[in-house]
Amino acid sequence: MGTIAFPKPSWLETDKFASTCIIGGQWGDEAKGKIVYTLAEHHDIIMRYNGGPNAGHTLDNITLHQIPSGILYEDKINIMGQGMVINPTLFKREMEEVKTMPYVGHLVVSPNAHVILKHEIALDLGGAKQMVGTTGKGIGPTYEQRAARTGIRVADLADRKTLADKVRKSVESVNRRLQKESWVSVDEVIKEAEEEGGFLADYMDDATRLLKGAKKEGKKVLFEGAQGALLDVDNGTWPNVTSSNTTRPSVGQTGYYLPVTKALGVFKAPMSRVGKGPFPSEWGRTDGTNETRHLIEDEKEFIEAMGFISSGRMPDAGKEIVKIGRDAMMSAILEKMNAGKATDMEKAAYFGWKGMEFGATTGRARRLGPLDLVLARRVTDINGLDGAIFTKWDVYSGTGEVEFVEGYCLNDASYPFDYSGEYLSEMEFLNLRAADPMIKKLPGWTQDIRGMTEWDQLPKNTKSAIKFAEKAIGVPCMYFSTGPKKDEIIVRMKAK
Ligand code: IMP
């Protein structure tokens, strides 16, 4: 890949081993992909350590779901680690797309990683998708099969003598949990495991040995997190979480212990969530329970894209927008925002379109709301973050003001955020669904900050908002992203 004028992070300026871990600071979709892609340039090895095709990292011209973002550099080694669950059919498709790109790096798949096959997807679609609002990619059931010792690993795909028998047992264990009419054909899954799985198995290599060598040879490793800390199966907003650990400790499951030199959390503003679950600062709160789309048939495609408006939360306005057109709608809302009169749904519509907030994996319209500093602080503490990376703030340009959450009201009591570092207690966190946000408004900026590359270019109010947020989050904002392109970023300061 061509180089950009992006300085090497200070902790990588050593002959010895060093590593960086990028962690989503929210419920995923924090625009981590671009950050990993940018930072990959200064690392030798890029490793995905958790999750599977529920992720979607959008880079310049491609969205990667399972393959690490370093694949687009010719000279990088990419590892799909043993904490991952990999769909071989999607992997093949993704690899074919990657091969059309100008540069393709080296890829190694851990033999211990688990494989998502048709029966696990059937189980996800038949249950958790409705209950939790999962991505329906078979993530949870595959981790379940891992725990039950009935799952298929990448190493199994390479052992043709025993594969069919193992797959049969795995499918039968799932079919026992499905209604008879939903049973998955054992033969079909065996075929998938042999054919698509065979393609995946060709990338299998000893990831543990590679990591060991990296430590010895002083290589620089980038751990590419997927999803976000608030979706962590233990630390997240249970039960609306994913099925793996998404936080810093999960880097310990790579097969060879490598310390994390710097852990950086990515925080988007406005922040978003897809699927169900509590989101106290959501504009037009739904808790994600109302996902029925009221489609107007002949405008189906447009309305699909406007999901947050046409989702049943605002069907009449949805019709109105189709009538007046998107640009007119955006100007009308902008005017209202500047007069301080926009409704929450209007803000969701505006920022949704402005930031193209549609899921990279499912295409679902993301739920949106102001950056929640209370949750962000909790994420800093869970992960022992060394620095923060702010993304998407450019969408606030010209909108009059910036909102943050700085506390909650819960059961008639208020819990203002204590800027000395107090965060929600465990008990309060459990009750997040019932919490109402305490909103702090700061003055916005008129100048469009999109694409800026220098701190000094930023308007005074943008800098004040960044300083306000980083104080609450507890770590410095080191990188401030000003757009989706690789070089649209401001390098601000060293990690703590
Ligand atoms: P699962 O990971 O498909 O089991 O879904 C569990 C929850 O995590 C659902 O609310 C998903 O929408 C959410 N989720 C999983 N992966 C991502 C991601 O990469 N970005 C955003 N949300 C995600």
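The values are calculated or read from the model by the stated rules, or taken from the named source; none is laboratory data. The structure displayed is predicted, hence computed values, not measured ones. Just the protein is used for accessible areas: all its heavy atoms, side chains included, with ligands, DNA and RNA removed. Shrake-Rupley method; radii C 1.70, N 1.55, O 1.52, S 1.80 Å.
Under the Kirkwood approximation applied to all pairs of distinct alpha-carbon atoms, what is the hydrodynamic radius of segment 431-488 in Å?
13.4 Å
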- prompt: Could you state the number of Å between the C-alpha centres of segment 241-255 and segment 371-420?
  reply: 24 Å
- prompt: Along segment 146-158, what does the Karplus equation 6.51 cos²θ - 1.76 cosθ + 1.60 (θ = phi - 60°) give for ³J(HN,Hα), rounded to whole Hz, x for Gly and Pro?
  reply: 5, 5, 7, 6, 10, x, 10, 9, 4, 4, 5, 5, 7
- request: Could you work out the equivalent-ellipsoid semi-axes for segment 138-225, taking the square root of 5 times each eigenvalue of the Cα gyration tensor, largest first, in whole Å?
  value: 32, 16, 10
1.4 Å probe accessible area per residue over the chain, in Å²: 41 Å²
statement: Of the convex hull drawn through the C-alpha atoms of segment 99-188, the volume per residue in Å³ is 139 Å³
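Considering only protein heavy atoms and a 1.4 Å probe, what is the carbon-and-sulfur percentage of the accessible area of segment 91-211?
Values: 2980 of 6100 Å².
Ligands and nucleic acids excluded, carbon and sulfur reach 49 percent.
Given Cα positions, please report Rg to Rh for segment 365-413, the hydrodynamic radius being the Kirkwood one. Walk me through the intermediate numbers first.
Numbers: Rg = 13.6 Å, Rh = 13.2 Å.
My calculation puts Rg/Rh at 1.03.
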query: Mean separation of Cα pairs under 8 Å and 6+ residues apart, divided by the residue count of the chain: what relative contact order is that in percent?
result: 17 percent
message: Of all beta bridges DSSP finds with both residues in segment 52-119, what is the antiparallel percent, to the nearest 5?
response: 25 percent
field: Zero-based 10 Å bins, Cα pair distances in segment 201-254, whole percents
entry: 22, 37, 28, 13, 0
- prompt: Once phi is turned into θ = phi - 60°, what whole-Hz ³J(HN,Hα) does the Karplus curve with 6.51, -1.76 and 1.60 give for every residue of segment 458-472, x standing for Gly and Pro?
  reply: 5, x, 4, 5, 5, 4, 4, 5, 4, 5, 4, 5, 5, 5, 5
- request: Determine which lysines satisfy two conditions relative to residue 169: a Cα distance under 29 Å, and not lying fewer than 8 residues away in the same chain.
  value: 92, 118, 129, 137, 161, 180, 191
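Report the Stokes-Einstein translational diffusion coefficient (µm² s⁻¹, integer) for segment 12-126, Rh taken as the Kirkwood radius over Cα pairs, at 4 °C with viscosity 1.567 mPa s.
On the way: Rh = 14.9 Å.
So the translational diffusion coefficient is about 87 µm²/s.
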message: Using 10 Å bins from zero, what percent of all Cα-Cα pairs in segment 97-248 falls into each bin?
response: 10, 32, 34, 21, 3, 0
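Pull up the DSSP beta bridges for the chain and report the antiparallel fraction as a percent, rounded to 5.
Antiparallel: roughly 35 percent of the beta bridges in the chain.
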message: In whole Hz and in residue order, list the ³J(HN,Hα) couplings for segment 30-40 that follow from phi through the Karplus curve 6.51 cos²θ - 1.76 cosθ + 1.60, θ = phi - 60°; x for Gly and Pro.
response: 8, 6, 5, x, 4, 5, 4, 4, 5, 6, 4
- prompt: Quick one: Cα convex hull volume of segment 35-76, Å³ per residue?
  reply: 65 Å³
query: Separation of segment 91-148 and segment 32-80 by C-alpha centroid, Å?
result: 16 Å
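Provide the convex hull volume over Cα atoms per residue for the chain, in Å³.
Details: hull volume 74.5 nm³, N = 496.
Per-residue hull volume (Cα only) is 150 Å³.
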